Amino acid sequence: MSAPPVQRLAEPGATPAGGAPVIGVMGVIGVMGERGERGVMSVMGVMGGGQLGRMFVHAAQVHGFQVVVLEPDAASPAGAAADRHLVAAYTDASALVDMARSCQAVTTEFENVPAAALRQLAQGCRVAPPADAVEVCQHRAREKACFAQADVPCAPHALLSSVDDASRPELAALLPGILKTASMGYDGKGQVSVARVADLPAAWAGLGAVPCVLEKRLSLRCEISVVVARGADGQQVHLPVQQNLHRDGILAVTQIPAPDVSPELCAQAVVLATRLADTLDYVGVLCVEFFVLNDGSLVANEMAPRPHNSGHASIDACDVSQFDLQVRTLAGLPLVQPRLHSPAVMLNLLGDLWFAGGDALASTPDWAAVLALPGVRLHLYGKSEPRRGRKMGHLTVTAATAQLARATAQLAAQHLGLSGFQ
Ligand code: ADP
Ligand code: MG
């Protein structure tokens with residue numbers, strides 16, 4: 001058997017890439033540069049080393065690319081899968097120069113990568129999504145301003161930047177509400193429920209006296225999300241609308257197709273998500289989370305400038321996954337509308353599973369029991385230390401019908417000691 005072709009990391013000053021593909025050779029994709037020159041796209045970069053980066057690395061490698069990961073943690077899920085791992089801070093100037101020289105295009109798997117780092121990278125290589133769009137998604141107030149600009153409804157809210165702000169009596173109209181740090185929040189962290197105006201100053205101080213957004217707590221029928229991919233030419237495609245169940249602020253279950261949402265409402269959510277991507281002049285994969293209110297109306301919650309936990313089922317249930325779309329938008333490859341070939345249920349696997357029954361010592365969950373069920377695919381992210389609330393993996397159940405996928409997922413949940421779902 002002959003050895004597989006070896007791809008070299010690009011030399012400094014390699015031809016910049018972008019635009020439409022012209023030819024594929026031995027796993028290296030030729031592309032037409034933005035100025036029309038013929039170049040070779042062989043190395044992609046990703047900022048961040050988490051599970052989203054790991055799944056991006058896998059998809060990029062399937063397409064024949066090498067991947068460089070920039071991530072300060074030497075033992076990261078994406079770093080372990082990458083062709084090369086630059087162990088450095090996201091703002092490390094020499095690492096960014098190295099990254100821009102090694103890669104023809106760089107993306108991010110983590111919305112809190114400093115926008116300045118993306119701007120520096122953009123001087124030497126293609127960067128998608130653009131720093132400006134990532135910066136909007138990093139801050140809840142900027143995000144809500146973008147919703148308004150795109151004429152997308154969101155929850156009534158106010159920005160609190162000082163203790164005086166937090167004491168304004170008119171905030172009573174937003175209570176009971178949720179006080180959220182304007183930046184760096186995830187998985188329900190950096191949030192606290194507030195019932196009375198008198199409690200606001202202490203709640204604000206408890207979150208570190210940083211800029212916060214107070215949002216009215218809405219009564220939700222359910223939650224959905226839409227993953228869109230937008231190319232540099234403005235073309236957009238989207239994954240099927242996902243219905244999400246959160247527990248303690250963390251995604252627990254995603255179902256596609258969304259069982260409790262009409263096709264008309266799904267189509268409306270896609271229109272709104274598409275409009276947001278246009279407003280941001282976005283290139284890449286964008287996820288928009290929506291609340292479905294009891295009256296059937298849609299309210300945007302937040303956006304992620306990257307693939308999203310709720311889109312993971314697309315790996316096993318669609319012909320093009322959200323990570324394939326990320327690769328395609330980065331390489332300037334054609335975007336085709338993903339097709340759902342199987343209804344699916346995704347269950348998130350948090351570190352709590354390793355401590356079933358309140359054990360102090362971690363023990364491996366009974367994977368054999370769930371893998372004995374038909375249509376179950378287990379994805380573990382290679383994290384060595386399980387911790388409560390930490391995303392360790394997910395499993396996707398696909399089946400011929402949504403009913404069967406749900407029944408099998410309920411059984412899988414039961415085997416693992418997870419709560420069932422509606
Ligand atoms: P994170 O960045 O941690 O995902 P979110 O703002 O999405 O933060 O909030 C996490 C979850 O908390 C949401 O998915 C939803 O279940 C609940 N939640 C957040 N804001 C509201 C709200 N205004 N009304 C009702 N529920 C909310
Ligand atoms: Mg969220």
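The values are calculated or read from the model by the stated rules, or taken from the named source; none is laboratory data. Because the structure is predicted, anything quoted here is derived from the model rather than measured. Cβ coordinates were reconstructed from backbone atoms using ideal geometry, including for glycine residues, and neighbour counts include every protein chain displayed. Quick note on the areas: whole protein, heavy atoms, side chains included, nothing else; ligands and nucleic acids left out. Shrake-Rupley method; radii C 1.70, N 1.55, O 1.52, S 1.80 Å.
What is region 133-261's relative contact order, in percent, from Cα pairs under 8 angstrom and six or more apart in sequence?
Details: 207 pairs, mean separation 27.6, N = 129.
Computed over region 133-261, the figure is 21 percent.
Using the 2.2 N^0.38 Å rule of thumb for compact globular proteins, work out how region 303-365 stacks up: its C-alpha Rg over that value, please.
1.55
State the extension gain, in nm to one decimal, for the chain segment bounded by A145 and M184, taking 0.36 nm per residue of separation less the distance between their alpha-carbons. Please report the intermediate quantities before stating the final value.
Details: separation 39, 0.36 × 39 = 14.04 nm, distance 1.77 nm.
Stretched fully, the A145-M184 segment lengthens by 12.3 nm.
Quote the FRET efficiency, to the nearest 0.05, computed for D359 versus T401 with a Förster distance R0 of 30 Å and r equal to the Cβ-Cβ distance.
Working: r = 37 Å, r/R0 = 1.23.
The calculated FRET efficiency here is 0.25.
What are the semi-axes of the equivalent ellipsoid of region 150-280, taken as the square roots of 5 times the eigenvalues of the Cα gyration tensor, listed largest first and rounded to whole Å?
On the way: eigenvalues 200, 59, 38 Å².
Equivalent-ellipsoid dimensions as semi-axes: 32, 17, 14 Å.
When the chain is fully extended, how far beyond the present Cα-Cα distance does S219 get from A368, taking 0.36 nm per residue of separation? Intermediate results must be reported in sequence, preceding the final value.
Numbers: separation 149, 0.36 × 149 = 53.64 nm, distance 3.93 nm.
The S219-A368 span can extend by a further 49.7 nm.
For region 360-366, what does the Karplus curve 6.51 cos²θ - 1.76 cosθ + 1.60, with θ = phi - 60°, yield as ³J(HN,Hα) per residue in whole Hz, taken in order and with x for Gly and Pro?
7, 9, 6, 9, 5, x, 7
Under Stokes-Einstein, with the Kirkwood radius over Cα pairs standing in for Rh, what whole-number D in µm²/s applies to region 351-422 at 20 °C and 1.002 mPa s? Mind showing how you got there, number by number?
Numbers: Rh = 12.9 Å.
Calculated translational D: 166 µm²/s.
How many lysine pairs in the chain, separated by 8 or more positions in sequence or lying on different chains, have Cα atoms less than 22 Å apart?
Close lysine pairs found across the chain: 10.
Taking 25 °C and 0.890 mPa s as the conditions, I'd like the Stokes-Einstein D for region 213-297 in µm²/s, using the Kirkwood hydrodynamic radius from alpha carbon pairs. If you can, show how the numbers build up before the last one.
Numbers: Rh = 13.6 Å.
So the translational diffusion coefficient is about 180 µm²/s.
Taking the Cα centre of the chain as the origin, how large is its charge dipole in debye, to the nearest 20, when only Lys and Arg (+1) and Asp and Glu (-1) carry charge on their Cβ atoms? Could you put the intermediate results ahead of the total?
On the way: 31 positive and 37 negative charges, 68 e Å.
Here the size comes out at about 320 debye.
Give the carbon-plus-sulfur fraction of the accessible surface of the chain in %, rounded to a whole number; probe 1.4 Å, heavy atoms of protein chains only.
Working: 9650 of 17610 Å².
So the carbon and sulfur contribution to the accessible surface is 55 percent.
Report the equivalent ellipsoid semi-axes for region 37-166 in whole Å, largest first, defined as the square roots of five times the eigenvalues of the gyration tensor built from alpha carbon atoms. Before the final figure, lay out the partial values.
On the way: eigenvalues 194, 54, 42 Å².
Working through the eigenvalues yields semi-axes of 31, 16, 15 Å.
Taking R0 as 41 Å, what's the FRET efficiency between V97 and L340 from their Cβ-Cβ distance, rounded to 0.05? Show your work: numbers first, answer last.
Working: r = 42 Å, r/R0 = 1.02.
With a Förster radius of 41 Å, E is 0.45.
Please report Rg (one decimal) and Dmax (integer) in Å for the Cα set of the chain.
21.7, 76
Dividing the Cα radius of gyration by the Kirkwood radius, what Rg/Rh value follows for region 39-84? Please list the in-between numbers first.
Working: Rg = 9.8 Å, Rh = 10.2 Å.
Rounded to two decimals, Rg over Rh is 0.96.
How big is the Cα convex hull of region 34-114 in projection, averaged over all directions, in nm²?
Working: hull surface 21.6 nm².
The orientation-averaged projected area of the Cα hull of region 34-114 comes to 5.4 nm².
Beta carbons within 10 angstrom, averaged per residue: use that to sort the peptides 119-130, 215-226, 301-312, highest first.
Working: 119-130: 20.8, 215-226: 18.2, 301-312: 25.2.
Ranked from most to least packed, the peptides come out as 301-312, 119-130, 215-226.
How big is region 246-294 along each principal axis, measuring the range of its Cα positions in Å and listing the largest first?
So the three principal-axis extents are 32, 26, 20 Å.
Stretch V87-A198 to full length: gain in nm at 0.36 nm per residue minus the Cα-Cα span? All intermediate terms of the calculation are to be shown ahead of the outcome.
Details: separation 111, 0.36 × 111 = 39.96 nm, distance 4.62 nm.
Additional length available on full extension: 35.3 nm.
Please state, rounded to one decimal and in Å, the Kirkwood hydrodynamic radius that region 101-142 gives when every pair of distinct Cα atoms enters the mean of 1/r. Write down the numbers at each step before the final one.
Working: mean 1/r = 0.0957 Å⁻¹.
In region 101-142 this quantity evaluates to 10.5 Å.
So for the chain, taking the charge dipole from beta-carbon charges (+1 Lys/Arg, -1 Asp/Glu), which of A267, S193, V299 sits furthest toward the positive end?
A267
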